[in-house]
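Okay, structure first, notes after.
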Amino acid sequence: MINDYRFKNKINNNIMEFTFKVIIVGPSAVGKTSLLNRFMHNQFALKYKLTIGVDFLTKTVEYQPSKSVKLHIWDIGGQERFKFLHRSFYEGASGALIAFDLSRQNTFSSMKNWLSEMRSIMTNEIPKVIIGNKTDLIPEIGQIIDRSAIEQYAKNEDCLYIETSAKTGENVEKAFLELTQCMVKKVG
Ligand code: GDP
Ligand code: MG
């Protein structure tokens, strides 16, 4: 059961609704929780609040007119001492967002470690979106990570690449929507 998290519910008018487990991973303070806050509540806070262990959220997404799915989103805290949670965190996921921070070069390389850990734990291939977050800071600090290198990496890893800002909301819905569409296509 846990390995087949996806299930269908028949709801009124014969509309089929899927529930997908989606995980968001990446180094600390890249904006994972903020992206979820923006997506769930259309809110943003500059104050940093550490995610402890794992958090869960549920949201219904209309991926096509009058067609929706439910996302059960798991948000992870990056602390070493919670590393034992990683296996159950990845288990049964249908899609993943892997985030880094466009204003901190080192988060791009740590994000790659997250992706390879995910690949080493998960036996099945799932749709993945790499997120370069904090685009709002680029006008201030410049493009410090080479965009073509990011795009090349995403392509090699068979991931979509989307640049977002949890602060302004730019592309946040789009990231979730595109991931949802890939997941639906995969089960459809
Ligand atoms: P997490 O550890 O990956 O969950 O990161 P958080 O969501 O807790 O965010 C870490 C810090 O970055 C917080 O102070 C946020 O306010 C800030 N932050 C998150 N997203 C953005 C963004 O898109 N732009 C800017 N400027 N700051 C952000
Ligand atoms: Mg967090």
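The values are calculated or read from the model by the stated rules, or taken from the named source; none is laboratory data. Predicted model, so just to flag it, every value in this text is computed and none were measured. Counting neighbours? That spans all protein chains shown, and the Cβs are built from the backbone with ideal geometry, glycine included.
Just a few scattered comments:
- Subset of the range 51-61 [more than 7 Å from ligand 1 (Cβ to nearest atom) and in contact with a Gly (Cβ under 9 Å, 6 or more places away or on another chain)]: Ile52, Gly53, Val54, Asp55
- Where helices (runs of 4 or more DSSP H) sit wholly within the range 80-154, those with at least 3 residues that are of a type outside the set (A, V, I, L, M, F, W, C) occupy 86-90, 105-121.
- Among the numbered conditions (1) over 26 Å from Ala45 (Cβ atoms); (2) out of contact with any strand residue (DSSP E or B) (no Cβ under 6 Å at 6 or more places or on another chain); (3) not charged (D, E, K, R), the only one that Ile144 does not meet is (1).
- Just one residue in the set Met118, Met111 is modelled with pLDDT under 95 and of a type in the set (A, V, I, L, M); that residue is Met118.
- Counting only residues that are outside any helix (DSSP H, G or I), surrounded by 12 or more Cβ atoms within 10 Å (Cβ to Cβ) and hydroxyl-bearing (Ser, Thr, Tyr), the range 31-73 holds 3 of them.
- The range 81-109, subset of a type in the set (D, E, K, R) and either more than 14 Å from ligand 1 (Cβ to nearest atom) or crowded, with 20+ Cβ neighbours inside 10 Å (or both), residue farthest from Leu179 (Cα to Cα): Arg81
- Of all residues in the range 129-161, those satisfying the criterion of being within 19 Å of Ser28 (Cα to Cα) and within 13 Å of the chain's Cα centre (by Cα) are Val129, Ile130, Ile131, Gly132, Asn133.
- In the set Ala166, Ala149, Ala154, only one residue is farther than 18 Å from His72 by Cβ, surrounded by fewer than 13 Cβ atoms within 10 Å (Cβ to Cβ) and among the hydrophobic types (A, V, I, L, M, F, W, C); that residue is Ala149.
- So Arg119, is it within 24 Å of Ile150 (Cβ to Cβ) and surrounded by fewer than 19 Cβ atoms within 10 Å (Cβ to Cβ): yes
- Subset of the range 36-56 (residues that are more than 10 Å from ligand 2 (Cβ to nearest atom), touching a residue at least 40 places away in the same chain (Cβ under 8 Å) and within 19 Å of Glu178 (Cα to Cα)): Arg38, Phe39, Asn42
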